[in-house]
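Working notes, beginning with the structure itself.
The values are calculated or read from the model by the stated rules, or taken from the named source; none is laboratory data. Every value quoted in this text rests on a predicted model; they were computed, and no experiment measured them. All Cβ positions, even for glycine, are placed from backbone atoms using ideal geometry, and neighbour counts span all protein chains on display. Surface accessibility is based on the protein's heavy atoms, side chains included, excluding ligands, DNA and RNA. Shrake-Rupley method; radii C 1.70, N 1.55, O 1.52, S 1.80 Å.
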Amino acid sequence: MELSRRTPSAMNTPLMETSIPSQNLDSILNRSNPATSIYQKSINLLDKLACIDGFDVYITAMFDDTTRDSKASAPYLNPIQLLWDTFRQGTSLCVIYNALQPEEPLDTSLDESKNILRQRKDRVYRFVKACKENHIVKDEDLFTITELFKDDTNSFVKVLKTIEIVVDVLQSRGLLNTDALVEKPSARFAEAQLGPPQDNRERVVKEFVETERKYVQDLEQLQ
């Protein structure tokens, strides 16, 4: 099922002040293509992650309300929130790294009898450490554990960049199993609109996405 494109609705003013980079008019006019929104990057990354052996279980679990950590257990209405929660599982990052077929794969299991959050953070640490030591991602492009577990969109942008780099390496090596992809998970968001936020983090994501859409539209008009 192919993802149908939606044209973001225009907004008169941003809902919040974000850290989207400001650029002078000359630099904007010199851009050959408008910036790709974080929303669209998340959509693209989600479909690529679904091509990694073993990662589909995380996506399926995140769409299953009964397995979510969210207090309200509401359905995901945007890929940013879904990816954010998925990466915080920790072991999901290890699955991504192991797809590189390293000599020493990372542990993707958790001991339910021990502190789960601590173990998740440990798996995140091992993922970042492995990417650094094996020169998969440059130091300046690596996110930190704090950034992943912080309810801040600036931090998520850093996390997204790191994962994109790793997935790009997988794609360049022909390690994405695209033939196994029956349905793109992004198709679930094809007609979805950002609904009322269920908590503070969803509110931040909603305001960030809507502000960014306006920013991208402004860039497109200046091309």
Filter the trypsin sites (Lys or Arg not before Pro) in segment 131-162 down to the DSSP loop ones having no more than 13 other Cβ atoms within 10 Å, then list what survives.
-> Lys138
Per residue solvent-accessible surface (Å²) - segment 140-193, probe of 1.4 Å | 52 Å²
Checking rank on 89-100, 113-124, with mean other Cβ inside 10 Å and highest first, the result is 89-100, 113-124
How many nm is it between the label spots at Asp111 and Lys138, if each spot is 7 Å from the Cα in line with the beta carbon?
-> 3.9 nm
Subset of Lys121/Lys184; Lys138/Lys184; Lys121/Lys150; Lys132/Lys161; Lys41/Lys129; Lys41/Lys184 violating a 22 Å alpha-carbon distance limit | Lys121/Lys184; Lys138/Lys184; Lys41/Lys129
Take the alpha carbon atoms of segment 92-198, find their radius of gyration, then divide it by 2.2 N^0.38 Å using N residues; give the quotient.
-> 1.21
